[in-house]
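Right, one structure below, let's go through it.
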Amino acid sequence: MENGAARTVPAVIVAIDGPSGTGKSSTSKAVAAKLGLSYLDTGAQYRAITWWMVSNDIDITDPSAIAAAAGKPEIVSGTDPAEPTITVDGTDVAGPIRTQEVTSKVSAVSAVPEVRARITELQRALAGSAPAGIVVEGRDIGTTVLPDADLKIFLTASPEARAARRSGEIKGADVEATREALVKRDAADSSRKTSPLAKADDAVEVDTSDLTLQQVIECVVTLVEEKRAAA
Ligand code: DC
C-alpha cells in the first residue's frame, strides 16, 4: 500500500429485498459473515411486534388499535450474522416469532403505517451505526428504508421453488399448502399502501430458482466487491 498508510474501507450498506422463500435470510447472513458486515433481519422485527400484539390481546383486525400500541414494545435486534438475536422488552423471542400464528398475522400488523414508522426508525439507526457496514434484508429496504444503499439486490424465485424451500424448512409441511400461504402473504405485502414489497428501480434482480444457495451467495459477494472496488 502506498506510503504504508492503512487503507480504511468505507462502510458499505447492502439492501436485499424480495418475497419469502427466495433464500434472502440465508444469503444475507452468509454474505455479511463473509465480508465482516453486520446483519439485520427486518422480517424478524415485524414478527416481534406482531408477537407482542398477539401476546397483549391487541385486536389485530383493528388497525387503529395496532397503531395506538405500536410505540409500546421495546424491540432490540442483535446484528452479528453468526448469532442474530431479537428481544421484546428484554425477552428472547427468536422462537415464538416463527409460529404459524405470528406468520399468519404479520402481514396485517406490518401494513399499519405507525408500525412501519416505528420499525423503520430502528432499522435506520442500526444501519447508521454499523462500523463496517451492514446487510439489511426485507421487503422495502431499497425503496423506502435505505434508498441510498450502496447496493440493492432484489431476489426472486418461482412460487414452486419457494414453496419447496419453505416446506423443506418446516417439519411435516405440505408443499401445496405452503405455496398457497406464500402467494397469499406476498399478495398482501405487495398490495399494502405503505411501502409495499417492491423492487427499487436501481436494484439488481437475481432469480434464484435454479441456483444453489452457494451460487447466490457468491453472486452477491461479487456484486458487493465490485461496488467497493469502484468506490
Ligand atoms: O421475511 P419474513 O417472512 O420473516 O417477514 C415477515 C413479514 O414481515 C412479511 O410477510 C412482511 C413483513 N415485512 C415487511 O413488511 N417489511 C420488511 N422490510 C420485512 C418484512
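Under the Kirkwood approximation applied to all pairs of distinct alpha-carbon atoms, what is the hydrodynamic radius of the chain in Å? For the chain, the Kirkwood estimate is 18.2 Å.
Taking amide H as placed 1.01 Å from N in the peptide plane, residue 91 has no amide H partner under 5 Å among residues 5 or more places away or on another chain. Close amide H contacts of residue 208 (hydrogens built in the peptide plane, cut-off under 5 Å, sequence separation of 5 or more or a different chain): 156, 157. A full extension of the chain between residue 9 and residue 125 corresponds to an added length of 39.7 nm, given 0.36 nm per residue minus the alpha carbon distance.
Label-to-label distance, residue 94 versus residue 76, with points set 7 angstrom from Cα along the beta-carbon direction: 1.5 nm. Shown in residue order for region 118-129 are the 3J(HN,Hα) couplings computed by the Karplus curve 6.51 cos²θ - 1.76 cosθ + 1.60 at θ = phi - 60°: 4, 6, 4, 4, 4, 5, 5, 5, 5, 5, x, 10 Hz (x for Gly and Pro). Each label was represented as a point 7 Å from its Cα along the Cα-to-Cβ direction; for residue 194 and residue 103 these points are 2.6 nm apart. Just report the Cα centroid separation between region 16-47 and region 155-220, whole Å. Here the two parts' Cα centres lie 13 Å apart.
Between the beta carbons of residue 68 and residue 229, assuming R0 = 41 Å, the FRET efficiency works out to 0.25 to the nearest 0.05. A simple spin-label model places pseudo-atoms 7 Å from Cα toward Cβ; at residue 177 and residue 85 they are separated by 3.5 nm. Proximity of backbone amide H atoms, modeled 1.01 Å from N, is registered between residue 13 and 134, 150, 151 at under 5 Å, excluding neighbours fewer than 5 places apart on the same chain. Provide the gained length on full extension for the span residue 164 to residue 114, in nm with one decimal, where the gain is 0.36 nm per separating residue minus the Cα-Cα distance. Gain on extension, residue 164 to residue 114, equals 14.6 nm. With unit charges on the beta carbon (Lys/Arg positive, Asp/Glu negative), name the residue among 102, 63, 154 whose Cα is farthest towards the positive pole of the charge dipole of region 50-181. Final value for the positive-end residue is 154. Along region 222-231 the Karplus relation, 6.51 cos²θ - 1.76 cosθ + 1.60 evaluated at θ = phi - 60°, assigns HN-Hα couplings of 4, 5, 5, 5, 5, 4, 5, 5, 7, 6 Hz to successive residues, with x for each Gly and Pro.
The phi-based Karplus calculation (6.51 cos²θ - 1.76 cosθ + 1.60; θ = phi - 60°) puts the 3J(HN,Hα) values of region 134-146 at 8, 9, 10, 10, x, 10, 10, 6, x, 8, 10, 6, 10 Hz, whole numbers, x for Gly and Pro.
Values in this text are rule-based calculations from the coordinates and carry no lab data. Note that this is a predicted model, so its numbers are computed, not measured. Because the Cβ atoms are built from the backbone with ideal geometry, glycine has one as well, and the counts that use them run over all protein chains shown.
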